[in-house]
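Engineer: Take this structure, written in structure tokens, and hold onto it; I'll ask about it next.
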Amino acid sequence: MAAISYKQASCIYDGADKLAVDSLDLDIQDGEFIVLVGPSGSGKSTALRMLAGLEEIDGGAIEIGGKNMVGVPSKDRDIAMVFQNYALYPNKTVGENMGFALKMRGVSLEERTKRVKDAADLLDLTEYLDRKPGKLSGGQRQRVAMGRAIVREPQVFCMDEPLSNLDAKLRVQTRTQIAALQRRLGTTTVYVTHDQVEAMTMGDRVAILKDGKLQQFASPTELYDHPINAFVAGFIGSPAMNLFTVPVAKGGLKVGDRTIALERDQLTAIAAAGLDEVTLGLRPEQLAIGSADDDGLVVTVDLVEELGNESYLYASFGDTRIRSSDGTPATIVARSPRRAPAKIGETITLTKQEGTAYLFHPETGLRLTA
């Protein structure tokens with residue numbers, strides 16, 4: 001096991017006009033489970049491959065256990081990688097697949113057998129050791145790939161979207177197993193995913209990347225409660241935070257014909273920044289649903305998602321001047337703990353809970369208040 005440090009680490013691909021990973025700074029503690037998350041092209045997989053030695057570090061450095069990895073071959077970094085596509089040998093049994101890397105390193109048959117058995121016990125694979133991968137389900141194959149990494153007893157696990165090929169139910173089950181297994185082993189783990197739900201449920205801390213740059217590195221709850229900018233706010237949470245740009249009014253923000261009241265510190269921050277409009281953020285669960293006669297934001301319901309124990313309402317404003325942070329006409333999502341709180345086409349009013357509005361700079365995206 002070992003701590004990991006990215007120190008202004010950068011990578012650029014041949015022929016590219018911008019860095020794939022741009023001056024990444026991360027300090028990962030020994031035994032920590034870290035998730036790198038972001039949209040496609042954000043640099044998360046490149047950052048992982050730089051750690052594993054599969055991509056060159058073109059600037060800065062990466063340290064494992066205090067040792068600089070620049071120029072160190074992948075085979076000498078004591079890292080085990082778990083890939084998205086399992087990469088199992090179809091002509092070898094589960095046991096042979098798990099022990100193959102040890103065989104190539106000259107580990108004795110007795111030691112290989114012991115390590116494979118121990119890993120199989122951990123992963124509930126003992127009864128499958130004599131089967132070929134073709135006779136296994138997707139979840140079982142992924143556990144075999146995990147077992148192949150575990151038997152090596154590396155300093156670091158690198159996992160590159162290992163659950164992407166699984167169906168939704170199996171993905172939830174397997175991510176729980178991976179998180180529990182990592183806590184049992186205590187091996188420092190860097191896990192890449194594009195799924196923010198995976199990131200929130202698995203990671204001790206989560207690093208959010210966009211266009212090769214680190215946006216925020218914090219615990220899941222810190223990211224959710226205190227996003228540093230509008231991108232993080234909109235990326236973390238399902239459904240995403242409602243973000244729309246609106247003009248500043250006396251005592252609050254003008255949303256259509258209604259005014260959203262703000263706290264004193266929020267009004268002070270807006271005045272200090274000299275803004276006449278801001279990006280307002282409201283989470284779906286922080287909106288209460290009422291009738292059209294109530295005081296709040298008047299919207300028309302476009303879609304209702306029934307999830308059994310709760311409902312999500314997707315609605316639009318009648319005023320086309322209200323726009324999303326990307327400039328398109330604004331829509332809004334609200335969560336209801338009740339079933340069918342409204343019907344499609346119905347006009348309702350949404351009110352926010354006190355102190356739950358997030359404010360961001362409309363140009364830089366940075367959060368205006370702590």
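The values are calculated or read from the model by the stated rules, or taken from the named source; none is laboratory data. Model, not experiment: these values are computed from the prediction. Cβ placement follows ideal geometry from the backbone for every residue including glycine, while neighbour counts extend to all protein chains displayed. Just the protein is used for accessible areas: all its heavy atoms, side chains included, with ligands, DNA and RNA removed. Shrake-Rupley method; radii C 1.70, N 1.55, O 1.52, S 1.80 Å.
Engineer: Determine the gain in length on full extension of the stretch Tyr13-Thr331; use 0.36 nm per residue of separation and subtract their C-alpha separation, reporting nm with one decimal. Write out the running numbers ahead of the final one.
Structural biologist: On the way: separation 318, 0.36 × 318 = 114.48 nm, distance 3.80 nm.
Between Tyr13 and Thr331, full extension yields an extra 110.7 nm.
Engineer: Hey, which of these cross-link pairs are over 21 Å Cα-Cα: Lys44/Lys92; Lys7/Lys67; Lys75/Lys103; Lys254/Lys352; Lys75/Lys210?
Structural biologist: Values: Lys44/Lys92 32 Å; Lys7/Lys67 12 Å; Lys75/Lys103 15 Å; Lys254/Lys352 14 Å; Lys75/Lys210 29 Å.
Flagged as over cut-off: Lys44/Lys92; Lys75/Lys210.
Engineer: Taking R0 as 22 Å, what FRET efficiency do you get between Asp225 and His194 from their Cβ-Cβ distance, rounded to the nearest 0.05? Please list the in-between numbers first.
Structural biologist: Values: r = 22 Å, r/R0 = 1.02.
Efficiency for this residue pair is about 0.45.
Engineer: Separate question: Given labels modelled 7 Å from the Cα in the Cβ direction, how far is it in nm from Gln84 to Ser164?
Structural biologist: Placing both labels 7 Å along Cα→Cβ, they lie 0.1 nm apart.
Engineer: Which percent of the accessible heavy-atom area of the chain goes to carbon and sulfur, probe 1.4 angstrom? Walk me through the numbers before you get to the answer.
Structural biologist: On the way: 8450 of 17520 Å².
Accessible surface attributable to carbon and sulfur in the chain totals 48 percent.
Engineer: Sticking with the crude label model, points 7 Å out along Cα→Cβ, report the distance from Asp302 to Thr126 in nm, one decimal please.
Structural biologist: Simple spin-label model gives 5.5 nm for this pair.
Engineer: Which label marks the calculated value of mean projected area of the Cα convex hull in nm², given the options (i) 26.5; (ii) 21.7; (iii) 18.1?
Structural biologist: (ii)
Engineer: Now for a different question. Can you list residues whose amide H is under 5 Å from Gln216's amide H, if they're 5+ apart or on another chain and H is modeled 1.01 Å from N?
Structural biologist: Answer set, sorted by chain and number: Ile208.
Engineer: Take Asp276 and Lys213, extend 7 Å from each Cα along the Cα→Cβ direction, and tell me the distance between the two endpoints in nm.
Structural biologist: Between Asp276 and Lys213, the label points sit 2.7 nm apart.
Engineer: Moving on to the next point. Once fully extended, how much extra length lies between Leu54 and Gln177, figured as 0.36 nm per residue of separation less the alpha-carbon to alpha-carbon distance? Don't skip to the answer; put the middle values down first.
Structural biologist: Numbers: separation 123, 0.36 × 123 = 44.28 nm, distance 2.68 nm.
Stretched out fully, the Leu54 to Gln177 stretch lengthens by 41.6 nm.
Engineer: Order of 275-283, 145-153, 329-337 by packing, highest average Cβ count within 10 Å first? If you can, show how the numbers build up before the last one.
Structural biologist: On the way: 275-283: 20.4, 145-153: 22.9, 329-337: 18.9.
Highest to lowest by the protection proxy: 145-153, 275-283, 329-337.
Engineer: Rank by packing, highest mean first: peptides 305-313, 361-369, 158-166, with packing defined as the count of other Cβ atoms within 10 Å averaged across residues. Working shown, then result.
Structural biologist: Numbers: 305-313: 13.4, 361-369: 15.7, 158-166: 20.4.
With the highest mean Cβ count within 10 Å placed first, the list reads 158-166, 361-369, 305-313.
Engineer: With r as the distance between the Cβ atoms of Ser137 and Arg105 and R0 = 25 Å, compute the FRET efficiency 1/(1 + (r/R0)^6) and round to 0.05.
Structural biologist: Working: r = 29 Å, r/R0 = 1.18.
Result of the calculation: an efficiency of 0.25.
Engineer: Next question. Ranked highest first by the average count of other Cβ atoms within 10 Å around their residues, in what order do 6-16, 77-87 fall? The partial results should precede the final answer.
Structural biologist: Values: 6-16: 14.9, 77-87: 18.3.
Ranked from most to least packed, the peptides come out as 77-87, 6-16.
Engineer: Considering only protein heavy atoms, what per residue accessible area in square angstrom results for the chain with a 1.4 angstrom probe?
Structural biologist: On the way: 17520 Å² over 370 residues.
On a per-residue basis, the chain sits at 47 Å².
Engineer: Here's another thing I want to ask about it. Sketch the reach of a paramagnetic label on Leu366 as a point 7 Å from Cα along Cα-to-Cβ, and name the residues of region 247-282 whose backbone nitrogen lies under 12 Å away.
Structural biologist: It comes to 273, nothing else.
Engineer: Figure the gain on full extension for Ser23 and Arg338 (residue separation times 0.36 nm, minus the Cα-Cα span) and round it to one decimal in nm.
Structural biologist: On the way: separation 315, 0.36 × 315 = 113.40 nm, distance 4.66 nm.
Value of the extension gain: 108.7 nm.
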